[in-house]
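Before any comments, here is the structure.
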Amino acid sequence: MAEPHSASAIPSSSAANAEASQADENAGASENLPRESRRVSITFGRTNLRMAGDSALVRDEKWSCLAVIFSFWFFVAVTMIMGVYGSMTVVLGPCSSIVLQPNPVFVQYVKVENLEGNPGLVLYGTYRYPPLDVVSTWRETLNTSIPYGADKEWKYYLNRGSEVNISYSVSSESSSIYLVIAEGADSLSMWLEDPTYPNTTLSWNVIHGTGMITQEIFRSSYYYVALGNLEDEVEVELNLTVRAFLHNTTNAFYKCAPTSSPCSLNIDFPHGNKAVLVSPAPQQNTSNDEWYVKLTYGPRWLTYIFGIGVLTLIMFWVFNFLNKLQCANDDRVGSRSEGTGPDRAPLLSRKDDDLSSWGSSYDSIPQDDEDLNFLTGGSTDGKFLADGETSNNTRRLCAICFDAPRDCFFLPCGHCVACFACGTRIAEAAGICPVCRRNMKKVRKIFTV
């Protein structure tokens, strides 16, 4: 009766043995390969998956980088066009000379427009910065009535080295009038409302009756002369005598009077040129000696287009460099981890197969009585458990399912810890004995009679 059962058990164990042998042959073949090819063959599939994900990630990062570049350069362009070189309105007093020297990289031309059409204003163009060596002295008389708590001011653009002499006459001896000479393009009222507002006061005097004040100018800038009244309304007469230094425009290559139409001066690239705006001396028969001028800077669009291209190339170069650096670092980490082995290893190392045990399946069965008793699930005196009979001893149950009795053993180690169904699954899945971690060659079923 044992022969048929034995014959039926041979094919299943032979299939397991064949699968195990094929796995060992594949493992042996891979071990015979060089280290580099073995590493590539093992990680090739993972590398493909990882590179597929990385390619999408790299593509997204490149688009993000490009969006950042466009946003940054757009902010720079708006700042330069609308802020630094945006349109502005300036006020020039009599006998003023102001030099405009925009950056030729960002500005292509300068446009000057006379808003009120007052005659006398002239725009010059020079290749070099014009020297400040022309001296002009002009005088102006200012008669004004200042109510209580009010102020009155006059703005001028004065160059370095100029000198201002002011003789005053106050109609009331008891009135308290303050006379201020300060640097700045804004008015005195703004400074009085907010004393922390930027203001450089050159002279602050409380005047009574008659007298004279002299002030020297140390920096080319806008200045204003202001009068303020702290008491009742009073009449004040000011006589201004200004010794002004003007820029020499003898060698100018361009001259235009923006009286009826605007004037435009092209800025050469890359050295650039200078624009000089000059107002005439005050006239005796004119009541208005102020010129309101609108300045417009034309952007050099080629600079902004070229700049965004250069920034894009630089950012892509930096991005590719960092990407290659990260890939090289990953390769070093991978080769270091391959040399040191995995972080987690089994407590019992896998033993080499004993070729001497590849013979009869009955030669490797333990010979001591205790192991025989353990294998067969009963005593060694010939009394065995019948099929389906369950013992109270849990050592006789399958250690995997705890349901069926232990009715198989593994070859070549001979351990008996599972039922035939569980043992077959272990052999097909892992091919390793769960007790000693040795490679499993066969699974033999134990038959009871």
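The numbers here are math on the coordinates, done by the rules we state, and not lab data. From a predicted model like this one, the values you see are computed outputs, not experimental measurements. Every residue, glycine among them, receives a Cβ derived from its backbone with ideal geometry; neighbour counts consider all protein chains shown.
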The answer for Ile207, listing residues at least 5 apart or on another chain whose modeled amide H is closer than 5 Å to its amide H, is Ile177, Tyr178, Leu179
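Stretch Glu290-Glu428 to full length: gain in nm at 0.36 nm per residue minus the Cα-Cα span? Don't jump to the answer; show the numbers that get you there.
Details: separation 138, 0.36 × 138 = 49.68 nm, distance 10.18 nm.
Contour length minus Cα-Cα distance gives 39.5 nm.
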Which of Lys155/Lys255; Lys155/Lys294; Lys152/Lys274 exceed 24 Å between C-alpha atoms? The answer is Lys155/Lys255; Lys152/Lys274
Sorted from fewest to most neighbouring beta carbons within 10 Å, what does the list Tyr222, Tyr129 look like?
Tyr129, Tyr222
Semi-axes of the equivalent ellipsoid for segment 88-304, please: Cα gyration tensor eigenvalues, times 5, square-rooted, ordered largest first, whole Å.
36, 18, 16
Hey, if you put +1 on the Cβ of every Lys and Arg and -1 on every Asp and Glu Cβ in segment 88-304, which of Pro270, Thr144, Pro130 ends up farthest toward the positive end of that dipole?
Pro270
All-pairs alpha carbon distance profile, segment 198-279, 5 Å steps from 0, percent:
2, 7, 16, 15, 13, 12, 11, 9, 7, 5, 2, 1
Shape category assigned to segment 62-167 from the gyration tensor of Cα positions, a/c cut at 1.5
prolate
Which three numbers, in whole Å and largest first, are the semi-axes of the equivalent ellipsoid of segment 104-143 derived from its Cα gyration tensor as √(5λ)?
28, 19, 9
Under 14 Å from a point 7 Å along the Cα-to-Cβ line of Met315: which residues of segment 73-95 have their amide N that close?
73-77
Please get the size of the charge dipole for segment 88-304, origin at its Cα centre, with Cβ charges of +1 on Lys and Arg and -1 on Asp and Glu, quoted in debye to the nearest 20.
1360
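In whole percent, what relative contact order does segment 88-304 give with Cα contacts below 8 Å and a gap of six or more residues? All intermediate terms of the calculation are to be shown ahead of the outcome.
Numbers: 549 pairs, mean separation 103.3, N = 217.
48 percent.
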